[in-house]
Amino acid sequence: MASLKKRAKEFETPYPVTKAITKGDAVTKLSMFVMGLGNLAHKQIVKGILFLAVEIAYLLFMIEGGINNLYHLITLGGRAQEEVWNEAKGIYEYTGGDMTILFLLYGVATIFITVLFFMIWRVNMKSAYEVECRAKEGKHINTIKEDLEAILPLVFMICMAFTSYSKVGDHLTIFHWVGLKNFSTVLGMGNSIGKTFWSVLGWTLIWAVLATFLNYILGMILAIVINRKTTRIKGFWRFCFMLSAAIPQFVSLLLMRTMLKDNGLINNLLVQAGLISSPLPFLTNATWARATVVIINLWVGIPFTMMQVTGILQNIPGELYEAARVDGAGPVTIFFKITLPYMLFVTTPYLITTFTGNINNFNVIYLLTAGAPVPVGATAGKTDLLVTWLYKLTVDLQYFNVGAVVGILTFVILAVVSLITYRNTGSYKNEEGFQ
């Protein structure tokens, strides 16, 4: 059981500062005092020099005036302006008193710089421990060029969100900084883009919850049914359900889109059988289209979930079930009291990553409906997710600045939901494992 906690912890960053301090080698531990030493020792010269330069700059700043700023922040001065007689000039002069407002300003600025330095120090420790682990495992250690190639596109995209870079106003060649204007446009309700964002965000969250938990529950139930002792030829049933996973997803989705059209195979068969008099609007009515994409996603996703949880189900201790049956518990009670809690404990990281994947599930939505039907505003459809709307904003409409804002907000939403959800689950809190 104790291994369950370890398995859940793997969802966290593999190079935390605590491990760097407690388990790192001598060079990594010395990086606490000489920033960049761990990187320099593993030939990441530029990165090591940058960390060291930050430390030197911070120490010089503190020696030159930072410590004094913190002292004055505590006392806020107190020396008042005084009137002094100048014998040579024969007049009264005033001595300069303490400028309390400046003491407060410089003190707060020093605290801010110190916090920023501490954040960089943490990055330095993680980086030192990472290169140490990679070197021990014989893995490739990135050069500064490779790091920049990975970071620069992200920085470029973030910067784009604060510019007028867009087809609107013909700013694709010459554009300028606009501050937080784009964020105000996207988050505001007084314009078409803002209304579209909140509508698409609402459907995206509903879709992600339905797609994640319906797949999970139904896939688990299917795995339980196949895994029963009374079920024969288990391998054959698993093979049947995995057939849909064997076909490339984009082929399956395009085929399903063709079959679900008003003049598609499914509607034609239903009409010929006399079950309906007119085609069902699988893809042309907003409610039908949303239900359709959820159901098709179940058809695509349930086999993967079934295979994912089958092995875990087989590892649930049999004595738990035996004790429950002795106490008179039925199948439903056993499922909700033993099977489901155990599964959630072990698979919470899997659920969170699945939820994230469903929010960014471009294939199912775009290949089935392309976001249609019934436009929301002028840029999105009723089945558009944030990711498909982002695609339309950037590729189709060339609203690059608004698209960058949507990308940033999507990341923020995913990060907040994932962190809050994971930190409030048993797999994170329960140090003793599943009870």
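Counting only residues that are without any contact (Cβ under 8 Å) to a residue 24 or more places away in the chain and touching a helix residue (DSSP H, G or I) at 6+ places or on another chain (Cβ under 9 Å), which one in segment 63-73 is most open to solvent (accessible area, probe 1.4 Å)?
Kept after step one, since they are without any contact (Cβ under 8 Å) to a residue 24 or more places away in the chain, are these residues of segment 63-73: 63-64, 67-68, 71.
Still in the list and also touching a helix residue (DSSP H, G or I) at 6+ places or on another chain (Cβ under 9 Å): 67-68, 71.
Values: Ile67: 107, Asn68: 83, Tyr71: 131 Å².
Filtering segment 63-73 for residues that are without any contact (Cβ under 8 Å) to a residue 24 or more places away in the chain and touching a helix residue (DSSP H, G or I) at 6+ places or on another chain (Cβ under 9 Å), the one most open to solvent (accessible area, probe 1.4 Å) comes out as Tyr71.
With respect to Arg290, determine if the residue is of a type outside the set (Asp, Glu), open to solvent by 40 Å² or more (accessible area, probe 1.4 Å) and more than 30 Å from Asn227 (Cα to Cα).
Details: of a type outside the set (Asp, Glu): yes; open to solvent by 40 Å² or more (accessible area, probe 1.4 Å): yes; more than 30 Å from Asn227 (Cα to Cα): yes.
Answer is yes for this residue.
Taking the options Trp198, Trp177, name whichever one is modelled with pLDDT of 90 or more, closer than 23 Å to Val387 by Cα, open to solvent by 60 Å² or more (accessible area, probe 1.4 Å) and hydrophobic (A, V, I, L, M, F, W, C).
The unique qualifying residue is Trp198.
Quick check on segment 366-397: of everything there that is more than 24 Å from Gly188 (Cα to Cα), touching a residue at least 40 places away in the same chain (Cβ under 8 Å) and not in a loop (DSSP other than H, G, I, E, B), which residue is most open to solvent (accessible area, probe 1.4 Å)?
Leu367
How many residues, within segment 36-76, are over 30 Å from Gly138 (Cα atoms), at pLDDT 90 or above and aliphatic (A, V, I, L, M)?
8
Are any residues in segment 348-365 open to solvent by less than 30 Å² (accessible area, probe 1.4 Å), assigned to a loop (DSSP other than H, G, I, E, B) and farther than 17 Å from Ile302 by Cβ, and if so, which ones?
Residues satisfying the conditions do not exist here.
Do you know which of the residues in segment 312-333 that are under 18 Å from Tyr216 (Cβ atoms) and surrounded by 14 or more Cβ atoms within 10 Å (Cβ to Cβ) is farthest from the chain's Cα centre (by Cα)?
Looking only at segment 312-333, we keep the residues that are under 18 Å from Tyr216 (Cβ atoms), and these are 312-316, 332.
Pick out the ones that are also surrounded by 14 or more Cβ atoms within 10 Å (Cβ to Cβ) and you get 312-313, 316.
Numbers: Ile312: 26, Leu313: 28, Ile316: 30 Å.
Among those that are under 18 Å from Tyr216 (Cβ atoms) and surrounded by 14 or more Cβ atoms within 10 Å (Cβ to Cβ), it is Ile316.
Please identify the pairs in which a residue from segment 227-238 that is closer than 14 Å to Thr310 by Cβ has its Cβ atom under 8 Å from the Cβ atom of a residue that is part of a helix (DSSP H, G or I) and basic (Lys, Arg), counting only partners at least 6 apart or on another chain.
That search, which allows pairs on different chains as well, returns Asn227/Lys234.
Return yes when Pro303 is within 21 Å of Thr347 (Cα to Cα) and in contact (Cβ under 8 Å) with a residue 12 or more places away in the chain and no when it is not.
Values: within 21 Å of Thr347 (Cα to Cα): yes; in contact (Cβ under 8 Å) with a residue 12 or more places away in the chain: yes.
It is true that Pro303 is within 21 Å of Thr347 (Cα to Cα) and in contact (Cβ under 8 Å) with a residue 12 or more places away in the chain.
What are the residues in segment 241-253 that are surrounded by fewer than 13 Cβ atoms within 10 Å (Cβ to Cβ) and either assigned to a helix (DSSP H, G or I) or touching a strand residue (DSSP E or B) at 6+ places or on another chain (Cβ under 8 Å) (or both), if any?
We begin by selecting, within segment 241-253, every residue surrounded by fewer than 13 Cβ atoms within 10 Å (Cβ to Cβ); these are 243, 246-248, 250-251.
Within segment 241-253, Leu243, Ala246, Phe250, Val251 qualify.
Within segment 140-158, can you find the residues that are more than 12 Å from Gln44 (Cα to Cα), surrounded by 11 or more Cβ atoms within 10 Å (Cβ to Cβ) and of a type outside the set (Asp, Glu)?
Leu148, Leu154, Met157, Ile158
Quick check, is Tyr129 out of contact with any His (no Cβ under 7 Å at 6 or more places or on another chain), of a type in the set (Phe, Trp, Tyr) and open to solvent by less than 80 Å² (accessible area, probe 1.4 Å)?
Details: out of contact with any His (no Cβ under 7 Å at 6 or more places or on another chain): yes; of a type in the set (Phe, Trp, Tyr): yes; open to solvent by less than 80 Å² (accessible area, probe 1.4 Å): yes.
Here the answer is yes, as Tyr129 does meet what is asked.
What number of residues within segment 24-42 satisfy the criterion of being more than 13 Å from Ser127 (Cβ to Cβ) and touching a residue at least 40 places away in the same chain (Cβ under 8 Å)? Break it down into steps so the answer makes sense when it comes.
Keep residues of segment 24-42 that are more than 13 Å from Ser127 (Cβ to Cβ), which gives 25-26, 29-30, 33-34.
Now narrow it down to the ones that are touching a residue at least 40 places away in the same chain (Cβ under 8 Å): 25.
Residues that pass the stated criteria total 1.
Looking only at segment 254-270, how many residues end up being open to solvent by 60 Å² or more (accessible area, probe 1.4 Å) and more than 21 Å from Gly381 (Cα to Cα)? Quick ask: steps written out before the conclusion?
Going residue by residue through segment 254-270, those that are open to solvent by 60 Å² or more (accessible area, probe 1.4 Å) are 254-255, 257-258, 261-263, 265, 268-269.
This time we only want the ones that are more than 21 Å from Gly381 (Cα to Cα), so: 255, 263, 265, 268-269.
Selection size over segment 254-270: 5.
Which residue out of Ala208, Ala161 is surrounded by 11 or more Cβ atoms within 10 Å (Cβ to Cβ), at pLDDT 85 or above, within 30 Å of Thr310 (Cβ to Cβ) and of a type in the set (A, V, I, L, M)? Break it down stepwise before answering.
Values: Ala161 fails: within 30 Å of Thr310 (Cβ to Cβ).
That would be Ala208, the only listed residue that is surrounded by 11 or more Cβ atoms within 10 Å (Cβ to Cβ), at pLDDT 85 or above, within 30 Å of Thr310 (Cβ to Cβ) and of a type in the set (A, V, I, L, M).
The values are calculated or read from the model by the stated rules, or taken from the named source; none is laboratory data. None of the values given here were measured: they were computed from a predicted structure. Every residue, glycine as well, gets a Cβ built from its backbone with ideal geometry; the counts of neighbours run over all protein chains shown. Accessible surface areas use protein heavy atoms only, side chains included; no ligands, DNA or RNA. Shrake-Rupley method; radii C 1.70, N 1.55, O 1.52, S 1.80 Å.
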